[in-house]
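The values are calculated or read from the model by the stated rules, or taken from the named source; none is laboratory data. Note that the coordinates shown come from a computational prediction; the quantities given were computed from them, not determined experimentally. Note that we place each Cβ from the backbone using ideal geometry, even for glycine, and neighbour counts take in every protein chain shown.
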Amino acid sequence: MPPVIPHIERFLRIVPINKGWSDDRKYYAETKAGEKRLIRVSDVSVLEEKRREFELMKRMAKAGIPMSEPLEFGVSEDGKAVYQLLNWCDGEEAKELLPSLSLDEQYAFGQEAGRILRRMERIERYEPSNIWAEEYGMRVRGYIEAYRKCGERLYADNQLLQFIDEHWACLDNRPRCLLHADYQSDNMVISPDGHLFIIDFQGSGVVDPCYTLTGVMVTAEVSPAFSRGQLDVYFDGPVPDDFWLLNAFYMATESINAFAVAVKLGREEVEYSQGLMHQMMEWYDNLNIIIPTWYRHN
């Protein structure tokens, strides 16, 4: 079903996009003037959440983050939906393009991702405290409860749950910044002229920077060189041990959460989650090490 948003007649072409885990309906659109746009439509029940998301994107764009810039926001479809109109980022999803590039090119794009993340951190930053431990701790307990009710088992779940139980203290006294919540190659676009853009800011907010950096684990599945470049630039030197412990903790918690979500989405997503967990446990030698082998061996 095509979107019903104000001034729909301005568009010459509207094509549905059937990708991603979001509940949003997404469309690629072209105006009569030849401008390329992204339309996102959500149920009106998430109006305030989407309003906050749109305002966050405006702040990101104002700070110079290369991204799909927010253009319009409002209620549509006789008050039943909320829409966002964004600038379209031309190019190819980084996840798809990176494996075809040289290792030097992959590493260079990872470096750029690290620089963009450092720039993003400066928009809104809070000093270390235990606020994040309280907020994220509640979230993780919800993840675990949802996982136990999902009806299926994730590979190595006992090891993951034990690791979580033993390392709650790593969340103590963490800084927080306004950041992208899923900073990995699925949510990045490489333009035809070689620029990196960040897309899909859904669920973003004030988080521990190391939580956002957990995206390097997902990206490493397709490009360890990119992930290494991102970490090397972000830390501007040796990666500290406390990051690797946090990274392993977040890997465990977010894998539990992602699997419970995947069960609701269908067999294909479940199999993907299982495969990714097999890969991650191999990188961590079944959680006997905290520096993944893709980083140690490169």
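Rundown of residues vs (1) part of a helix (DSSP H, G or I); (2) of a type in the set (G, A, S), yes/no style:
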residue	(1), (2)
L38	no, no
S45	yes, yes
R51	yes, no
F54	yes, no
A61	yes, yes
E72	no, no
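From the list E221, E166, the one residue that fits, being over 24 Å from E49 (Cα atoms) and either within 20 Å of the chain's Cα centre (by Cα) or in the same structural domain as A61 (by TED's automatic domain parsing) (or both), is E221.
Yes or no: D78 within 21 Å of the chain's Cα centre (by Cα), surrounded by fewer than 19 Cβ atoms within 10 Å (Cβ to Cβ) and modelled with pLDDT under 95? No, not satisfied.
Taking the criterion of being of a type in the set (D, E) and touching a residue at least 12 places away in the same chain (Cβ under 8 Å), the residues of region 43-77 that qualify are D43, E53, E69, E72, E77. If only residues of region 255-288 that are free of Cβ contacts under 8 Å to residues at least 40 places away in the same chain and of a type in the set (F, W, Y) are counted, the one that is nearest to R153 (Cα to Cα) is Y272. Each residue in region 235-259 was checked for being surrounded by fewer than 22 Cβ atoms within 10 Å (Cβ to Cβ) and part of a helix (DSSP H, G or I), and 9 pass. Of the residues making up region 180-222, those that are under 17 Å from M251 (Cα atoms) and in a loop (DSSP other than H, G, I, E, B) number 11.
Selection of region 78-110 for residues being touching a Phe, Trp or Tyr at 6+ places or on another chain (Cβ under 8 Å) and not in a strand (DSSP E or B) yields W88, C89, G91, A94, L98, L101, Q106, Y107, F109, G110. Looking across L161, L154, one residue alone is under 18 Å from S273 (Cβ atoms), assigned to a helix (DSSP H, G or I) and in contact with a helix residue (DSSP H, G or I) (Cβ under 9 Å, 6 or more places away or on another chain). It is L161. Does R25 meet the test of being basic (K, R), in contact with a Phe, Trp or Tyr (Cβ under 6 Å, 6 or more places away or on another chain), surrounded by 13 or more Cβ atoms within 10 Å (Cβ to Cβ) and assigned by TED's automatic domain parsing to the domain that holds V82? Considered against the rule, which asks whether it is basic (K, R), in contact with a Phe, Trp or Tyr (Cβ under 6 Å, 6 or more places away or on another chain), surrounded by 13 or more Cβ atoms within 10 Å (Cβ to Cβ) and assigned by TED's automatic domain parsing to the domain that holds V82, R25 comes out as no.
Are any residues in region 149-162 at negative phi and either more than 23 Å from the chain's Cα centre (by Cα) or among the aliphatic types (A, V, I, L, M) (or both), and if so, which ones?
The answer is K149, E152, R153, L154, N158, Q159, L160, L161, Q162.
If I ask for residues that are over 21 Å from the mean Cα position of the chain (by Cα) and outside any strand (DSSP E or B), which ones from region 7-36 would you list?
Result: H7, I8, E9, R10, K32, A33, G34, E35.
The set of residues in region 153-173 that are out of contact with any Phe, Trp or Tyr (no Cβ under 8 Å at 6 or more places or on another chain) and of a type outside the set (A, V, I, L, M) comprises R153, Y155, N158, Q159, Q162, D165, E166, W168, D172, N173. In region 199-218, the qualifying residues are those that are closer than 16 Å to R115 by Cβ and surrounded by fewer than 24 Cβ atoms within 10 Å (Cβ to Cβ), and the one that is farthest from the chain's Cα centre (by Cα) is P209.
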